[in-house]
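I have placed the structure first, in the form of structure tokens, so that the comments after it can refer back to it.
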Amino acid sequence: MANFLTKNRPWPWQKKSTSSGLSINDIWAELLGQSASKAGISVNWKTVLQYSTAQACIRIISEDIAQLPFAAYRPLEGGGSEQATTHPIHKLIKTKPNNNQTAFEMREQIGMHLVLTNNAYVWKNIVRGKVVELLPFEPHQVRPIRKNGQTTYALSLADGKQETVPATEIWHLRGPSWNGWQGMDGVRLMRDTIGLALALENHGSRMFSNGATVGGLLSTEANLTTEQAKSLRESWDSRQSGGENAYKTAVMWGGMKWAPMATPNDSAQFLESRRFQVEEACRHFKVLPMMVGHADKTTTYASAEQMVLIHLRQTLGPWLTRIEQSANCNLLTDEELAAGYFTKFTRNALLAMTTQARADFYSKMYGIGALNPNEIRELEDLNPYDGGEKYRVPLNMIDPSAIDPKQPTDGNTANAPAA
């Protein structure tokens, strides 16, 4: 601060930035999390969550991420893979990441941080070279520092202390990133969208608290004293303002006249603006409006089913892939990656089907030998039975490799061995 105490030198919040056009006052507001949107509403992660549509979008994505089974896998010698139940990471991401959270709760928290801020930070408690605990930090408690191509993280601890840790101790999950090492500030990107939506909500709240009556002017040709004007205003407010006084008949006296001064809500298209802001918020989060209960009259059962598939592919899919690949790079060693270990969400868990649809699916998969009876029973939460591990195909189907390649393939099966 010594440099700013020179005589006649302006204070930092009085200067204008020549490069960005922002005042230093704006920068201080950014640092304090109180920067206002163009609508004049202060927007930060707390106020974003107070907007119902934004909260719904965030919960939809984070809860879907949390409810999908997530596990570590290892390769099998004959091909394929199975869950690596003995790997320490497997328990942390599937069942119990720490002593205070379930895996569902941690994934939900990570999902909320990612969707809202495009950054999520998890501290890795490493003991003897192995990760034994995963502890999520709130995004505002962590500040990435990039220097000479290396990233470190400044942590704000609960007791107020600051601690800097290397990148090897932080599992940093990133959303869309401009610089490659930090996700773009999601709150800043949606500031004006959420600010306008909150301004519309505030306007509606004030409108109904004032009796759903627009502001106006009481006028008279009589000369009123200050006390008379004050008494008149208080009398009017007590009888006409407030929801309980809405639509009551106003009695004017002494030549009083009422002149509305504000634009009626139908002229300002208040409801249309609120509906549009719902769509704007959904557009930011890439969530279909139908998923937050904002559907038009043209939506049918068939179209709704397709929209759910679009949600799984376009909205949820990129987030799942980001988390999977980030977990691979941050929770598994280079040797384990080279050996074929990986983490994966079971995406089919969200594709709930009706009884008839499941029966048709199992029948077709069983008929081509893709599933055996025990695998089908496992999908239906039923116990296996002896002999159910065998795969079966119809008798009129044979292994193509059993046909002698030296024989002509003219379409007949005379040269094929008996099934």
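Within the range 378-397, none of the residues are within 27 Å of Asp64 (Cβ to Cβ), open to solvent by less than 80 Å² (accessible area, probe 1.4 Å) and among the aliphatic types (A, V, I, L, M). You will find that of Gly129, Gly160, the residue that is closer than 28 Å to His90 by Cβ and open to solvent by 20 Å² or more (accessible area, probe 1.4 Å) is Gly129 and no other.
Only a single criterion out of (1) without any contact (Cβ under 8 Å) to a residue 12 or more places away in the chain; (2) open to solvent by 70 Å² or more (accessible area, probe 1.4 Å); (3) not in a helix (DSSP H, G or I) is not satisfied by Arg74, namely (1). Of all residues in the range 371-388, exactly one satisfies the criterion of being more than 34 Å from the chain's Cα centre (by Cα) and on the phi > 0 side of the Ramachandran plot, namely Gly387. So which residues in the range 339-369 are under 30 Å from Ile89 (Cβ atoms) and either modelled with pLDDT of 95 or more or in a loop (DSSP other than H, G, I, E, B) (or both)? Within the range 339-369, Ala339, Gly340, Tyr341, Phe342, Thr343, Thr346, Leu351, Ala352 qualify.
Could you check the range 45-71 and list, in sequence order, the residues that are among the polar types (S, T, N, Q) and surrounded by fewer than 19 Cβ atoms within 10 Å (Cβ to Cβ)?
We begin by selecting, within the range 45-71, every residue among the polar types (S, T, N, Q); these are 47, 50, 52-53, 55, 62, 67.
Scanning the range 45-71 gives Gln50, Ser52, Gln55, Gln67.
The values are calculated or read from the model by the stated rules, or taken from the named source; none is laboratory data. Note that the coordinates shown come from a computational prediction; the quantities given were computed from them, not determined experimentally. FYI the Cβ positions are ideal-geometry reconstructions off the backbone, even for glycines, and counts take in every protein chain you see. Keep in mind that these areas ignore ligands, DNA and RNA; they rest on the heavy atoms of the full protein, side chains included. Shrake-Rupley method; radii C 1.70, N 1.55, O 1.52, S 1.80 Å.
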